[in-house]
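**Student:** My structure is below; once you've seen it, I'll send some questions.
The values are calculated or read from the model by the stated rules, or taken from the named source; none is laboratory data. Predicted, not measured: the structure shown is a model, and the values here were computed from it. In this analysis, Cβ positions are derived from the backbone assuming ideal geometry, glycine residues included, and neighbour counts consider all displayed protein chains.
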Ligand code: CA
């Protein structure tokens, strides 16, 4: 049995029933919102550990919910479910701070595996955990799973935090996209290596690193990335 509270933001009645049964049978507590306004209210209420988010919803787009949530500094894991699994949608979703992305129709075992992985990571088993790592005006604090810039906490997603923590735990070492996918996301199937690039780009922006001349997360062309402290 699993533990965790899942907020399901989805409007297809059949899928809501199926998912609620599936998740409840696994031991999750499930709350449901069927449109954008009730989704926004449920997200703001905060009594969940993970959001399963559909994109096409009555009253607007799940993308708006995701963007508002991240803008408000809410970094709880979000797994986006959508029929629109084209690459641009996926990239936009990851840029807005989705932690993972699953196209419909999906296999229920795959869904459960991804939920479990996100919850486990959110709980904080981060590679390289130890003392606080400092670089420039940035502090990475593994005890609080927090990154601060000039003392202020940055609104990183779970995957951004994990990626930075993993990179920072291997300073000066070039890491391939494949290795990063495996270590940070925990699986390599179905995740384009573009995912790593999208997260690095977002991390640089949040850290205030210049993408043209990055100080900390250096691109190794055709291979991957290297962290310079
Ligand atoms: Ca829908």
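**Student:** Kindly indicate whether any position in region 77-86 is under 12 Å from the mean Cα position of the chain (by Cα), at negative phi and away from the ligand (no atom under 15 Å from the Cβ).
**Tutor:** Yes: one or more hits.
**Student:** Kindly indicate whether any position in region 210-219 is surrounded by fewer than 20 Cβ atoms within 10 Å (Cβ to Cβ) and within 21 Å of residue 93 (Cβ to Cβ).
**Tutor:** Pass one, region 210-219, residues surrounded by fewer than 20 Cβ atoms within 10 Å (Cβ to Cβ): 210-215, 218-219.
Imposing the further condition that a residue be within 21 Å of residue 93 (Cβ to Cβ) reduces the set to 211.
The answer is yes, given that some residue of region 210-219 is surrounded by fewer than 20 Cβ atoms within 10 Å (Cβ to Cβ) and within 21 Å of residue 93 (Cβ to Cβ).
**Student:** Collect the residues in region 49-72 that are within 16 Å of the ligand (Cβ to nearest atom) and out of contact with any strand residue (DSSP E or B) (no Cβ under 8 Å at 6 or more places or on another chain), keeping them in residue-number order.
**Tutor:** Correct list: 58, 59, 60, 61, 63, 64.
**Student:** Of the numbered conditions (1) closer than 20 Å to residue 76 by Cα; (2) surrounded by fewer than 21 Cβ atoms within 10 Å (Cβ to Cβ), residue 164 fails exactly one; give the number of that condition.
**Tutor:** Every listed condition holds for residue 164 apart from (2).
**Student:** Further, regarding this structure: Under the condition of being in contact with a strand residue (DSSP E or B) (Cβ under 7 Å, 6 or more places away or on another chain) and at pLDDT below 95, which residue from region 25-41 is farthest from the ligand (Cβ to nearest atom)? Step through it out loud before you land on a result.
**Tutor:** Going through region 25-41, the residues in contact with a strand residue (DSSP E or B) (Cβ under 7 Å, 6 or more places away or on another chain) turn out to be 28-33, 35-36, 39.
With at pLDDT below 95 added as a condition, the list becomes 28-29.
On the way: 28: 21, 29: 22 Å.
Per the stated criteria, the residue is 29.
**Student:** So residue 52 fits all but one of (1) at pLDDT 90 or above; (2) surrounded by fewer than 23 Cβ atoms within 10 Å (Cβ to Cβ); what number is the exception?
**Tutor:** Against the list (1) at pLDDT 90 or above; (2) surrounded by fewer than 23 Cβ atoms within 10 Å (Cβ to Cβ), residue 52 comes up short only on (2).
**Student:** What number goes with the only condition from (1) out of contact with any strand residue (DSSP E or B) (no Cβ under 7 Å at 6 or more places or on another chain); (2) modelled with pLDDT of 75 or more that residue 129 does not pass?
**Tutor:** Residue 129 satisfies every listed condition except (2).
**Student:** Working only within region 20-43, note down all residues that are more than 20 Å from the chain's Cα centre (by Cα), more than 21 Å from residue 103 (Cα to Cα) and crowded, with 21+ Cβ neighbours inside 10 Å.
**Tutor:** Result: no residue meets the conditions.
**Student:** For region 1-19, give me each residue that is buried (at least 17 other Cβ atoms within 10 Å of the Cβ) and within 19 Å of residue 77 (Cβ to Cβ).
**Tutor:** 4, 6, 7, 8, 9, 10, 19
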